[in-house]
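Q: My structure is below; once you've seen it, I'll send some questions.
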Amino acid sequence: MYKQTLDFYIIALSSSYSPDRLNSTTVAVHSEIYQIGGSNENKPTRAVRVLDCRSHTWRSAPDMKVARKHAMSYFLDEKIYVIGGCKKTKEKMSWGEVFDLKTQTWKPLPKPPSNDNYVDGAVFGGRLYVFTINNEKYAYDPTEESWVQEAGFEGLEGITGPWCIMGSLIFAEYHRMYVGYDASNGKWLMVHGLDEVHTKRTKNSRTIQLVNHGGKLVIIWDVWHMCPREHKSIWCAVISLEERLTQSVEYESHSSETEALAEMTTNPIARPRKKIKKMKKPPSFSSIPDDVIVNILARISKSHYRSLSLVSKHLNSLLSSPDIYFARSLIGNTDARLYICLWLPTPSSSHRDRWFNLSYRLGHLTLVPARRALSSSYSPDRLNSTTVAVHSEIYQMGGSNGDKRTRAVRVLDCRSHTWRRAPDMKVARKHARSYFLDEKVYVIGGCTQREETMTWGEVFDLKTQTWKPLPKPPSDDYINSYHNGVVFGGRLYFFTTKNNKKNYAYDPKEGRWVQEAGFVGLEGMTGPWCVIGSVIFAEHGGIFKWYDPRNGKWLEVHGLNEVHTKRAKSSRTIQLVNHGGKLVIIWDAWHMRQREHKSVWCAVISFEKCLFPSSYMRGRVEECRVFLGLAHKSYKLSSCLSVLV
């Protein structure tokens, strides 16, 4: 397929994370691209930025130990290898570095035992190979963490241009012809049948890149434009190969738009094959291009994905790919998903966090384990942490392991159910409270009263990936993390003790606190509450009420008879959540028979606001049932958040 068009992803390019560095090195790591080093005005840098190809947003990663430009990078065994790119005077001690994705740390990579310059490298057969200018070859085994001299790969030293690996073959350009290297016999094999590619390539063409794109060979080259002469045209060809067993091993490649065949053989002057007429097969679902299928699936509610994934392996892979979520975000078809984290006892008498989706199964709310979130090595297991929903992610900050507080921040991607690290807070905190406002995460309290004078709160800027102190409101009253706060009308409100009745609002645009005269009556609320639109909901004296900011009054929510009937006297409201405009109420009660256990309930309420004959709020109970029938009394509901995915 040949196209002279480029689709620029405006979201990724306009992001303020987007690094603007020349001579950096990039490497693909699962669904992300790591951009490492580079130069800004000829000055090399240690910076590392990561592009999430699902959301097309940038984030920071730990910097390298050494500033580098013109380096080479490779991905092998969940580690990133960066080689070269620094001054020769530094190469003895800092020739290369290795970034461990699990520990998020950089370690030195020793130089192979050779004084030659290294011209290229490749990941092949679970090893990292590097080649010197004098045809010396060394292999690095990540399990043994040592270099060994390799006798194979004869003939690779003559290739200085771009190359790529597909399966057990290495493809490269050699004297303007595309060839493949068979590592089993050390021979270069000519690729035939690419007449259309060679025809469209002029004499002044220059191959820029060869890429293994899902098992297909992508060739990118440029050529001087006919007019104007100061410009170039950039071309792309996509070639598919299939192995055929004949008298000798041959490879047949199909152009995406033509009937031409490209065959790889050791006999370049072999007689051309006779064309075999193929029987036309009736159209099937598998003949539809993947991008069309993804576009269709993105318009279907995510609640049907689990059933659709059982249709075929191919459909399951598409449903779990990042392309689905990117397509859904482009068309604005996102679903609100309720994530619950429970601190549950284990057979070893300890506790651990377990993440669930609270979703509908057979018409009823059911706890469904969040796949892969539990098995990830990044998954934090901390009590008393604070969590906040940020777009399609959940930030878990601070907490305690034993009695020791932590500064650590972990992020759960609710699209792929994987964890990643984020920059640590400045201060270790537990029992803190967190809020999301204006693309920033606010964390308040969670440290000792003595520490709160200087470190009462912190603000994490998603754009710069940095933490900054949040000043304490100008109040003589002690404000700790147990006092309530709420994001309302583009401001963060915080309320002090009931006696002083002082309310403060933080304006992120002005960057300061101001005393607020409104919100009379909110200072008495110490239990859970939530905001839906312009209304605040809370429990007051066993009755669920809503707050009218116009007159500062709490008014009862009508129509919740089923909820009040099923709530026992020993019930305790744990959480109120805004779930896509609906109110989710979670409470627990002692089990009737198992006195050492509790039952956890959930109610989903939708609203219609009636203004006649007087202002009141009526709710409609859509669901009210037990979703966790038997939980040991030591359990804790660590988090309950509504996330858009």
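Q: Could you check the spin-label model distance between Lys553 and Lys636? Points 7 Å from the Cα along Cα→Cβ, value in nm.
A: 4.0 nm
Q: Could I ask something else about it? For segment 288-331, what does the equivalent ellipsoid look like in terms of its semi-axes, each the square root of 5 times an eigenvalue of the Cα gyration tensor, given largest first in whole Å?
A: Those come to 15, 12, 9 Å.
Q: Go through segment 44-54 residue by residue and turn each phi into a ³J(HN,Hα) via Karplus (6.51, -1.76, 1.60, θ = phi - 60°); whole Hz please, and just put x for glycine and proline.
A: For segment 44-54, the Karplus-derived couplings read x, 10, 9, 5, 10, 10, 10, 9, 7, 6, 8 Hz, x marking Gly and Pro.
Q: Please list, in order along segment 308-314, the HN-Hα scalar couplings obtained from phi with the Karplus expression 6.51 cos²θ - 1.76 cosθ + 1.60 (θ = phi - 60°), rounded to whole Hz, x for Gly and Pro.
A: Each residue of segment 308-314 in turn: 5, 5, 7, 5, 7, 5, 5 Hz.
Q: If I take R0 = 30 Å and measure r between the Cβ atoms of Val123 and Asp63 in this structure, what FRET efficiency does the formula 1/(1 + (r/R0)^6) give, to the nearest 0.05?
A: 0.80
Q: Within a 10 angstrom radius of the beta carbon, how do Ile165, Ile585 rank from fewest other beta carbons to most?
A: Ile165, Ile585
Q: Hey, another quick one. If amide H atoms are built 1.01 Å from N in the plane of the peptide, which residues on other chains or at least 5 residues away come under 5 Å of the amide H of Glu150?
A: Sorted by chain and number, the residues that satisfy this are Lys137, Tyr138, Ala139.
Q: Still on this structure: Take Ser606 and Met177, extend 7 Å from each Cα along the Cα→Cβ direction, and tell me the distance between the two endpoints in nm.
A: Modelled inter-label distance: 6.9 nm.
Q: Have a look at Tyr305, Asn295, Pro322 and report the one farthest towards the positive end of the charge dipole of segment 288-331, computed about the Cα centre with Cβ charges (Lys/Arg +1, Asp/Glu -1).
A: Of Tyr305, Asn295, Pro322, it is Tyr305.
Q: Then there's this: Taking 2.2 N^0.38 Å as the expected size of a compact globular protein, what ratio does the Cα radius of gyration of segment 564-645 give against it, to two decimals?
A: That ratio works out to 1.28.
Q: Here's a follow-up. Can you list the residues, at least 5 places off or on another chain, whose amide H is less than 5 Å from the amide H of Phe124, using H built in the peptide plane?
A: Those qualifying (amide H under 5 Å, at least 5 residues apart or on another chain) are Tyr129.
Q: Which cross-chain or sequence-distant (5 or more) residues have an amide H under 5 Å from the amide H of Lys440, H modelled 1.01 Å from N in plane?
A: So Lys440 has HN proximity to no qualifying residue.
Q: At what distance in nm do the modelled label points of Leu308 and Asp291 sit from each other, each positioned 7 Å from its Cα along Cα→Cβ?
A: The two pseudo-label positions are separated by 1.9 nm.
Q: Additional query: Compute the FRET efficiency between Ile33 and Gln449 as 1/(1 + (r/R0)^6), taking r as their Cβ-Cβ distance and R0 = 41 Å, and round to the nearest 0.05.
A: Plugging the Cβ-Cβ distance into 1/(1 + (r/R0)^6) gives 0.35.
Q: Which of the trypsin sites (Lys or Arg not before Pro) found in segment 208-240 are loop residues per DSSP with 15 or fewer other Cβ atoms within 10 Å of their Cβ?
A: Those satisfying the criteria are Arg229.
Q: For segment 210-215, just list the computed ³J(HN,Hα) in residue order, Karplus coefficients 6.51, -1.76 and 1.60, θ = phi - 60°, integers in Hz, with x standing in for Gly and Pro.
A: Residue by residue, segment 210-215 yields 10, 9, 7, 10, x, x Hz.
No value in this document is a laboratory result; all are computed from the given coordinates. Since this is a predicted model, take the numbers as computed values, not measurements. Positions of Cβ are generated from backbone atoms using ideal geometry, with glycine treated the same way; all protein chains shown enter the neighbour counts.
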